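The values are calculated or read from the model by the stated rules, or taken from the named source; none is laboratory data. Just so you know, these numbers come straight off a predicted model, no measurement behind them. Using ideal geometry, Cβ is built from the backbone for each residue, glycine included, and neighbour counts are taken over all protein chains shown. Side chains included, ligands, DNA and RNA excluded: accessible areas come from the protein's heavy atoms. Shrake-Rupley method; radii C 1.70, N 1.55, O 1.52, S 1.80 Å.
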Amino acid sequence: MNRLLSHRISSNGAVIDRQKLVHFEFDQKKYTGYEGDTLASALLAHGIHLVGRSFKYHRPRGIFGSGSEEPNALVRLIGDKSSEPNLRATQIEIYDGLIAESQNRFPSLKIDFLSINNVFRRFFPAGFYYKTFMWPASFWMFYEKLIRKAAGLGKLSKKYHRPERYEHKYAHCDLLVVGSGAAGLQTAIIAAKSGARVVIADEQHRFGGWLLTDNDFNINQIPAASWVHETVKNLQSAPNVTCLSRTTVSSMMDDNFVIMAERVTEHLGKKDMLLPKQRLWKLRASKVILATGAIERPLVFSGNDLPGIMLSSAIRTYINRYDVLSGRRAIIFTNNDDAYFTALAIHKAGGFVRCIVDLRVNPKSQIITKVRKIGINILAGHAVIAAHGLRHIASVDIAKYNSGKQAPTSSILHMDCNLLAMSGGLNPVVHLHSQRKGKLVWDERTSCYRPDNKSDEWVSVGAANGTFELERIFIEATKIASTTIMKLAKENNKIKTKELVTVPQIDKDKQNWTPLPTWLIQAGQPHVSDKTAFVDFQNDSTAADIKLAVKEGYSSVEHVKRYTTTGMATDQGKTSNINAIGILASCLNKSIAETGVTTFRPPYTPVSLGAIAGRNIGGLFDPVRKTRMHSWHQSNGAKFEHVGQWMRAWYYPRDGESFQQAVNREVYATRHYAGLLDASTLGKIEVKGPDSAEFLNRVYTNNFADLPIGKARYGLMLKEDGMVFDDGVTTRLAEDHFYMTTTTGGAAGVLSWLEELLQTEWLDLRVYLTSVTEQWSVASLSGPNSRSILTACMSENKNITDDFPFMTMKKSFIAGIPARIFRISFTGEMAFEINVPARYGAALWSHLMKIGKEFNLTAYGTEAMHVLRAEKGFIIVGQETDGTVTPHDLDMGWIISNKKSDFIGKRALERKSMNEPQRKQLVGLLTADPSKVIPEGAHAVLDPNQEMPMEMLGHISSSYYSPNLKHSIALALLKGGLNRKGQTVYIPMLDGQQPIEAKIVDPVFFDKKGERLRG
Amino acid sequence: MVDTISRIVVGCTAFNDKKLPILKKPESLKAPLIELSEIKHLGKLNVRCGKKNRDALGKLIHCNLPIQINQINSKAGRFAISLGPDEYLILAEPGSENQLEKTLNSSDISKYISVVNVSDALCAIQISGPKVRDVLSKGCAIDFHPDSFYKNKAVQCDLALANIVLVCLEENEFIFICRTSFAEYILDWFIDASYEYGIFVSDGI
C-alpha cells in the first residue's frame, strides 16, 4: 500500500475512482492502481518511469507523454490465447488481471545486453544500414536476420487465431466532429441544436480534451469541469448525436470517408462479451470539423531522452487527471508560457520546483507574475544544455543561452532533480487535414504549421487550427460551427440555423502565446555531444543524424526524413517532425516555410489487424456457393474443389480408392458406359430482343445470325485485343431469344462486359440480358449409354430421343420435370445436358442416377471431366488461355468468320504480329514413358543439356494420365508449336530429377474424327 | 454467452437443408431482437422494359411499375421493385409466376420487353426486429437512418460479401433478395452479426 501511495497526491478531483482498486501486472510484478488509470499513470504512481528500451541504441526510455503522442512507452499486452504488441501505455486503461510487459530488451529492462549499442552509437550514424551492409550484396539476407532480431519493436502473437470479436460498422452523418476538447464540444453542441446528424469522436475514454487537465477556472460562471459535464450530458441525450469515446479517427479519405477504431470492450479485459473488443467504423460525413487539439513539442538537447524527462503538459495531466506527481524535485525547461501552468500544478501537488529555465530573455504575462509571486525561481534567457543520469535523470547543466547565436554565453550551473518538464511549443494535430492533401502554412506568431483551411468539406478549429488561447478557441469554434451548419442547411431542409448561439465566457489566467522557437540547444561544450540530443525518440534519430545528412548532401525534407528515419516510426513523428524540420532549416540556412513539411499518412495511430479483418474470418472469409445437387455429392463421398466461390464435386472415391484410381474409374466408365456430371455452375445468360442475333454476331468470332431455331453453336469470345476471353455454347430458342452459356469462373465477368457494351457502345441494339445461372440446375449425361438412359427417363414423348441430332435442343419432361435438353458434349462422347428449374435439381440428379443404374451410370467429378476433355483436345479458357492467346494460337482459325464485317477482336487479329509463326501455339504432348505425368506449369526446352538460363519453348497447360489411352497426355503452348509436330522436347525437373522426354503431337488424342460424339 | 435453445432440421429451399439453430439468444435478453425467415417459393420475374411500355406492363402484372428508381410498388400481394432505369423485379404469389410469364410473353408488347423467370435463381428472406437496422449496418454501406431508408424504398447493394436487393417494408421490417447460392453464407453472416442482440430463425413462410 505504501508503494501505491508513493507518488499519488491527495485527491484533486481527478478522473480516477479511488474506491475501486485495480490489480495488474507489469514485467512479472504485481501492482495496483485505480479505476480510470492508464497503465502509464498507474506505473508513474509507483514511481516507475523506465518502461522500455529504445529501437536502435537500446537506451533506457521512460514514459514521456500522456496520450497518443507517446513515443517510448510501447508495451505488449498478454492475453490467454494471444498477445498484442506495441500498444501505448498512455492509452491503455487498466483492468483487473491486465498483464503487460516491456519490449525490446533482453533479459530485462534494467539489464539489457544490447544496450552495448549505446556505447558504440558513434558507429551507428544516419544511413548506417545502407552504408554498412551493402557489401557483399548476397550477405544482406544474413545481416537482415541479425538486424531484425536486434531492432524491431515488439513481437507478434504466434497464434493467428484470435478469440476476440472485432466488428465493422458503416455509418453516415451530416457532421463529424473529431475531438471533444473545448473546440469539439462547442461545435458539437451548436450542431446538435440544429437537428443535424452529428457524430463526435474522441480517442480518450472520456470527453473534455485538455479541459480534463486544465480546468481551474470558470466557463459561463460555472467550474470548467461542470461545463464539460453539462455539455457532454446534453450531447449524449440528443437523439441526433452519436457520442463515441475511446474512438480514434485513424484515416480520412476522399469524399469524407472516415475510418474510426472504437475500443468497445477492450478496456474491460473481460471474456465472453456480447459486444466486440473493437469496432471499426466506416463513416461517410457530409462535413468534418477537426478539433483534434495540439501536441506539445519536446526540446532538443543532449541527454533529453532520459527517463524522468517528460513533456510539461503530460506531467500536468498526470497531476490533474490521475493525482500522480511524477517527481518531487522538478525543473521546468520552456520557451513559452504553458509550462508555467505545470510549475503551478507541481507546486500545488506538493512538489518542489527548483527553477524554471526559460529560453526567452524577458518573458511577461499574468501567469508568469503569478508563478513569480509564489517564489519559484525563474532563469530567463537560460537553457538546459545537458541532462545526466544512468537510468533516470539525476542532474542538468544550465547556462545562459543566446537563441540567436545558438550558443551558451555563461559558465555552467549544475542542478540536481528527478523530474524535468520540457515545453518547446505546440504542434496542431494536422494529421487528418494532411491525409486529405490539405496544405499546411507556417505561422510565425505561434511557431507552428497550421492547416490552410481552404476546403469546403472539412475545417480545422481551435488548437488544431493553431489557435491556442481558450477565449479565442471558443470564439472560433462558435463561428465555424455556425457557418458549417449554414452550409449543411442548404442541402438539407431539416437542419435549422436559427438557434441562439453564444460564445462561452471564461475567467482564466491570461497567457502570452508567443513561444521562442529554438530547435536545438547547442551545448558548445567539448564533452557534451548532440549525438544524444534526440529528435525522434521512437526511431532513435538525433540532431547529429540530421546534421550528418545535410553534410552528406541531403537537402529535401522528404529525403532527410527517409535517410535518418525521423518521423517514420509508429508514432509518425507526432513529437519529432517539426523539431527535425527546424534543425534541418537552420543547417540549410533556410526558413522553415522554405524547408517545407512532410506529409502525414493514415492511420493516425496504428490499427489492429483484427479490426481491419473484422468478421471476415473463418467461415465468413469468403462465401461458399453450392449447387442443388450438393447433398447428393456429399452423401456419396465426393471430394470437392473450389472453382471461384463454387464448390464442385471433384471426384467420388469408393472403398479406399486413391485420387488417381477414382478418376481413372470415372473416366473409363464415362467412355464405356455413361457418366453424370453436375454442370450447374456454368454461367447462363438469357439474351432477348429483336437485335439479339446481331449482338451475338458482334461478340462471338463466328456467325450466329444464321443459327436455326432449336440449334446450338459453340462460340469463342475475344476482347478488343484479339485474345480469347470466354467460350461456351449458345442456343437459339426463338427468333429473338438465345440461351448463352459461359465458363463457370467467367460468368460474372462476361455478363458485366456484355452489359457494358450494350450500355456504353451499342445503345442502338435492342437487347436485354438476364443472368439465369442459378435458375437452372444442369446434369450432363455422357457416354455410349446416355441416349438409352435419357429415353428411359422421359416421362412423355420417349421417341424424341430417336431424332436428336448433335448440337440441337429440345424441350420436354423428365420424371415430370420440365426440362431443356441440349445435345452438346464436352467429353467427346454422345452427351445430353439436361437443364431443369433449380428447385428440381436434386430430384433430377437422383432420378437419373436411379434409372441409370442398370446402364452402369457413374457420377464423375471435375477432374474426370478435365481428363475426358483433354483426351479430345478441348480447351478450357483460363487453363489453355491466359489473356495472351488468340484463336489462331489454339489452331482454331476455323471459328473465325470471314463473312462478318466485324466482331470484337477482328481488327486486332489482322495485325501482322498476330500471325507471327513463332507465337506460342497449342499442341499435344505424349511422354516417352507413358506412365510419367508432366507437372502442369512446367516448361519445355529443345535441349536439356544447354547452359542456364535455358531457352524456353513454352509451358505445359494441362497434363493428365489417360486411362483410355493408357498413356500420359498433356497440352502445351509452345513457340511455333504447330510446325513442330513430331519433334521431341524435354521438360527439366527440379530436385535433380531427369528431364521428361515427350513428343509433340496433335492435341486431339482420342476419336479424332468425332464419330462417338455425333454417334 | 450465447446458447442454442433447440436445433431442428429445416427444409428451407434456399438454405440447402441446412441444420438451423432456430434460436440464438444472449442469456441477458428476454427475447431476441432479430427475426429471420425465408419467404419460400415466391414467384420472381426479371422484367426489362423501356418507358414506353411501362404502364402497359404494369396493367398486365396488376401492379404498376415504379417510375422512380429505388422504389417499390405493391398491390394485391404483388411487388414491383425498380432495379434500374429499365429493369424491374416482380415478386408474385407462389405458383403464379409461370402463368404471369406466359401472359407477359404472349402480350402485344412482348417483342419490346424481356421477361425471365428467376424464381429459382433468387430467394427472398425477411428480417425484422428493433435492431434490424443496426445489424444491417454491420455489413452494408447504405445509410439506414429512417429519414434516408424508409418504407417502400429498395436498393441493390452488398451485404457483407454478397450482392442483394434490399427492400424496406416497415420501419423495422425488410426483405432482401439474393442469389440462392449465397443464402447459406448470408444466414451464417446474419447469425454472427446478430450475436449481441440474439436472433430467431424460423422455418420459413
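If packing is taken as the mean number of other Cβ atoms within 10 Å per residue, what is the order of A:205-211, A:305-311, A:779-785, highest first?
Numbers: A:205-211: 20.9, A:305-311: 25.7, A:779-785: 24.1.
Going by the mean number of other Cβ atoms within 10 Å, highest first, we get A:305-311, A:779-785, A:205-211.
The stretch A:1-76 and the stretch A:352-422 have Cα centres spaced 27 Å apart. Give the share of C-alpha pairs in each 5 angstrom bin for the stretch A:17-121, from 0 to the last occupied bin, in whole percents, shortest bins first. Pair shares across the bins are 2, 13, 23, 24, 18, 11, 5, 2, 1, 0.
In straight-distance terms, cross-link reach from A:Lys373 covers every one of the lysines whose alpha-carbon lies under 16 Å from its own, apart from those fewer than eight places away in the same chain; here that gives A:Lys348, A:Lys364, A:Lys510. The simple Förster model, with R0 at 41 Å and r as the Cβ-Cβ distance, assigns A:Arg284 and B:Ser74 a FRET efficiency of 0.85. Quote the FRET efficiency, to the nearest 0.05, computed for A:Lys711 versus A:Asp991 with a Förster distance R0 of 60 Å and r equal to the Cβ-Cβ distance. My answer for the efficiency is 0.70.
So which chymotrypsin sites (Phe, Trp or Tyr not before Pro) in the stretch B:75-161 end up in coil per DSSP with only 15 or fewer other C-beta atoms within 10 Å?
B:Tyr150
Take every residue in peptide A:619-627, count the Cβ atoms of other chains within 10 Å of its Cβ, and give the average of those counts.
Numbers: counts 5, 8, 1, 2, 13, 5, 8, 7, 3.
So the per-residue partner count for this stretch is 6.
Each residue, A:Met253 and A:Asn218, gets one label point 7 Å from its Cα in the Cβ direction; the gap between the two is 5.0 nm. The lysines whose alpha-carbon is closer than 20 Å to the alpha-carbon of B:Lys44, local same-chain residues fewer than 8 away aside, are A:Lys684, A:Lys688, B:Lys59, B:Lys75, B:Lys102, B:Lys153. In summary, the stretch A:603-732 shows an alpha-carbon radius of gyration equal to 1.55 times the 2.2 N^0.38 Å reference for compact globular proteins.
In the stretch A:371-397, whose amide N lies under 19 Å from the spot 7 Å out along Cα-to-Cβ of A:His414? List them in ranges. From the stretch A:371-397, the list is A:383-397.
Let me make sure I get this right: for the stretch B:43-117, a, b and c are the square roots of the gyration tensor eigenvalues over alpha carbons, sorted descending. Under 1.5 in a/c it's rounded, otherwise prolate if a/b > b/c, else oblate. Which is it? Since a/c reaches 1.5 but b/c is at least a/b, the shape of the stretch B:43-117 is classed as oblate. Rolling a 1.4 Å probe over the protein chains gives A:Arg263 an accessible area of about 50 Å².
Sorted by packing (mean other beta-carbon atoms within 10 Å per residue), highest first, where do A:467-476, A:639-648, A:801-810, A:988-997 land? Mind dumping the intermediate values first?
Details: A:467-476: 19.9, A:639-648: 17.1, A:801-810: 15.0, A:988-997: 12.3.
The most tightly packed comes first, giving A:467-476, A:639-648, A:801-810, A:988-997.
Note on the protein assembly as shown: antiparallel DSSP beta bridges, both residues inside, total approximately 80 percent of the bridges counted. From most to least packed by mean Cβ count within 10 Å, the peptides A:828-836, A:737-745, A:706-714 give A:828-836, A:737-745, A:706-714. For the stretch B:43-117, the residue among B:Gly95, B:Tyr112, B:Ser82 whose Cα projects farthest onto the positive side of the dipole built from Cβ charges is B:Tyr112.
Shielding of B:138-144 by partners, i.e. mean partner chain Cβ atoms within 10 Å per residue? The partial results should precede the final answer.
Details: counts 8, 8, 1, 6, 2, 6, 3.
What the average comes to for B:138-144 is 5.
Ignoring lysines fewer than eight residues from A:Lys282 along the same chain, the ones with Cα atoms less than 22 angstrom from its Cα are A:Lys169, A:Lys437, B:Lys131, B:Lys138.
Taking every DSSP helix (H) stretch of at least 4 residues in chain A, weighting each as -39,500 (n - 2.57) and dividing the sum by the residue count yields a mean residue ellipticity at 222 nm of -6500 deg cm²/dmol. Ranking of A:Arg284, A:Arg869 by solvent-accessible surface, largest first: A:Arg284, A:Arg869 (1.4 Å probe, protein heavy atoms only, all chains present). Could you calculate the FRET efficiency of A:Asn856 with A:Asn616 from 1/(1 + (r/R0)^6), where r is the beta carbon distance between them and R0 is 51 Å, rounded to 0.05? E between A:Asn856 and A:Asn616, to the nearest 0.05, is 0.65.
Please compute one quarter of the surface area of the Cα convex hull for the protein assembly as shown and express it in square nanometres.
Working: hull surface 217.6 nm².
Taking a quarter of the hull surface, the average projection is 54.4 nm².
Full extension of the chain between A:Ser901 and A:Gln946 gives 11.4 nm of extra length, using 0.36 nm per residue less the Cα-Cα distance. Evaluating 6.51 cos²θ - 1.76 cosθ + 1.60 at θ = phi - 60° for every residue in the stretch B:43-53, the Karplus couplings come out as x, 9, 10, 8, 10, 10, 7, x, 4, 4, 9 Hz, glycine and proline recorded as x. Residue separation of A:Thr808 and A:Thr502 scaled by 0.36 nm, minus their Cα-Cα distance, works out to 102.0 nm of gained length.
Other protein chain C-beta atoms within 10 Å of residue C-beta, averaged over B:109-116: 5.
Each residue was assigned an accessible area with a 1.4 Å probe, and for A:Met892 the value is about 20 Å².
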